Structure formats: C-alpha cells, structure tokens
Amino acid sequence: MIRETRPDVVIANQVEAAPAVRAALLESRVDALVAGYCHYLPFSFTGGQQLLLDPSMDDGGLGRSVLLAFAAGLAACGRVLVHSATAASWTSAAAARMNVDLADKLHIVPAPRDERLVRDPEDAAVPDGTLTGLYNHRLYAHYGTSEFTTLARRLVDEAQVRLTVMDLLGQRSPERIRLDPSPERYRLDLAGTPGVTIASDDGDRVRYREILAGAHFGIAPFRAGCPWSMSVIDSQSMGLPVIAPRTGWLAEHVDEDLLFETPDEALAIVARLATDSEFYRVQAKRAHSTTADLRPGQVAARYLEALR
C-alpha cells in the first residue's frame, strides 16, 4: 500500500504502531512524515509530579509494558498530537523521563465538536428549583464510578435532582465481563437508586440530542487521568453547565465556579444552579463558548497546520 500510494504523511492513530509504520516506510524507501495522535494516555501525573499508570491498561501488571510501547511510539513519530494542554504537559513529562526528545514535535489538536449537538444557550431551559443532571461516561471502576455513585445518591436524596445515567456499553460479551465486571455492577446499583434513570440512545444521535436537551447540567467523570472528554464537550456545546472534580484536563477546561473537591462542594454548586437563574444563564453561556473553537473546520485547519 505504501509503495502504491507513496504518501507524504502517515497518521498512526495508535501511537504504539508508529515504529512498525516507520519500519514499513524504510523498507519501501518512502520518506513520509509519521504523525501519532494520542487518543489516550496510559499514565497521568499527580500534583506532586508522580507518574501513575492508568488502571485501564494495567491489567495483570501490563501497564509498564504499555508505557514503554507508548514511549517507543513517541520516539518514532515526527509529529505528536494531543487533545489538551494537560495532555501535552503529561506527555512531555513522561517522554522526558524516558529520554525521548519531543522538541517541536508536540502539538495540541483537540477533537471537533459534533455540530448536530450544538444549541444556542439562550434556548436552554433555566431550572425552576429542580434539576435534571446527566452522567454520560463509561461505568468502569477506573472512571471513578464509585465516587460518582456516592455523589449521585446525595444529589437525588438531598438536592432532589433527577439523574439520567447513560448506558454506553450495553450488553457486553461474557469474555469482556470476565475481564472487568464493574460496569454491570455499577449499572445495577444505579438502576436501583430512586431518582436515577438508566438510558441509552442506541447510537442514534437524534435521540442523544433529545436526552441532552432534556437535562439542565452535566457531570464530568471522576477519572484522575482524564486528558479529554467528548461527553463533556457534547454537554457544553448544548449549553449545559458541567460540574467537575478539580483534576486533570477538567481543572483546565471547566469554569472555576463549577469545580469541586468534595461532595459537599458539588452539592452547593448544584443548589446554586437550581436556585440562582442568573448564575445558571451565565454558566450556560460560558459552557457553550468553551466549544466555539472546536468547530470542525477550525480543528481541521489546526490538524493540517500541525502536519506542516
């Protein structure tokens, strides 16, 4: 394929594949740029700059091997693309620890918003004292789902919030469940919680938009190593304020007034959204504005510029 097309650029969307791509280019005598897009990071950093392996890629102690393969991919790339400033900082720090020089290769190119999920924040329904919240993240334990379920119970009990939790994984195979049964366990727990509704859009974007439009606010994942969340962007582009733990990319992206460190702080924010209509309107506009530079055309231009 390389010999037939003789590409100028090859994108390795799985960074670990970059060394093999480079080898194939070398074998084919094609001098093409190899760019790697870091859709995920197999690590995160604490505030004290301690490197933590991502638990989703550390089954059976494989995390270290995944990290080394990731570093090898970075070294093989002529360009490295990441979603956010947080992801860029973490990637640079990890590369430096393994003597991989990223120099001027690293570029921030976030994913584009879905234009089908864009709404004027003026059209968002201002709460009348009660709120409907949306949690739209995978229910794996490593997403901090235990922390979310604890908060969910307090939201429905103490703040009279109605919660919709999206079932993103559906019926998984027995093999997948054996690897990690936590999504099924949390889904069952949440389904039995009064005030919580488990919903699915079955992959229908129209239905997904309807679910978003029926909510007043979104809840970010509690995943410590979160370098980006498309579900957060979906909510914000619809003019929904998103409350978030003060961690990772969320602390970089979400408005300061919507960040929390404890469940009590989260409940106080939700109470303000429910009762202070002006605060809600301001936050809806701010949420929407955070996605303004994620229009597909603008992101495409940034992507192409990064490959120059």
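Couple of notes before you dig in:
- Residues in region 32-55 that are in contact with a helix residue (DSSP H, G or I) (Cβ under 9 Å, 6 or more places away or on another chain) and either hydroxyl-bearing (Ser, Thr, Tyr) or in a loop (DSSP other than H, G, I, E, B) (or both): Ala32, Tyr37, Cys38, His39, Tyr40, Leu41, Pro42, Ser44, Gln49, Asp54.
- Taking each residue of region 124-137 that is of a type in the set (Ser, Thr, Tyr) and looking for partners that are open to solvent by 20 Å² or more (accessible area, probe 1.4 Å) with beta-carbon atoms closer than 7 Å, six or more apart or interchain, yields Thr130/Gln160; Thr132/Arg162; Thr132/Thr164; Thr132/Gly214; Thr132/His216.
A quick yes/no check of all residues on (1) in contact with a helix residue (DSSP H, G or I) (Cβ under 8 Å, 6 or more places away or on another chain); (2) of a type in the set (Gly, Ala, Ser); (3) without any contact (Cβ under 8 Å) to a residue 60 or more places away in the chain:
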position	(1), (2), (3)
Arg246	no, no, yes
Trp249	yes, no, no
Asp255	yes, no, yes
Ala268	no, yes, yes
Thr275	no, no, no
Arg286	no, no, yes
Ser289	no, yes, yes
Ala301	no, yes, yes
Leu307	no, no, no
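- Looking only at region 188-226, residues that are charged (D, E, K, R), open to solvent by less than 60 Å² (accessible area, probe 1.4 Å) and either free of Cβ contacts under 8 Å to residues at least 24 places away in the same chain or closer than 21 Å to Ala244 by Cα (or both) come to 1 in all.
- In region 162-199, the qualifying residues are those that are under 21 Å from the mean Cα position of the chain (by Cα) and among the polar types (S, T, N, Q), and the one that is farthest from Tyr140 (Cα to Cα) is Thr164.
- Filter result for Ala125 (open to solvent by less than 40 Å² (accessible area, probe 1.4 Å), within 22 Å of Arg286 (Cβ to Cβ) and not in a helix (DSSP H, G or I)): no
- Residue in region 269-279 that is of a type in the set (Phe, Trp, Tyr) and buried (at least 20 other Cβ atoms within 10 Å of the Cβ) present: no
The values are calculated or read from the model by the stated rules, or taken from the named source; none is laboratory data. Please read all numbers here as calculations on a predicted model, not as lab measurements. Here the Cβ is made from the backbone with ideal geometry for all residues, glycine too, and neighbour counts use every protein chain on show. Quick note on the areas: whole protein, heavy atoms, side chains included, nothing else; ligands and nucleic acids left out. Shrake-Rupley method; radii C 1.70, N 1.55, O 1.52, S 1.80 Å.
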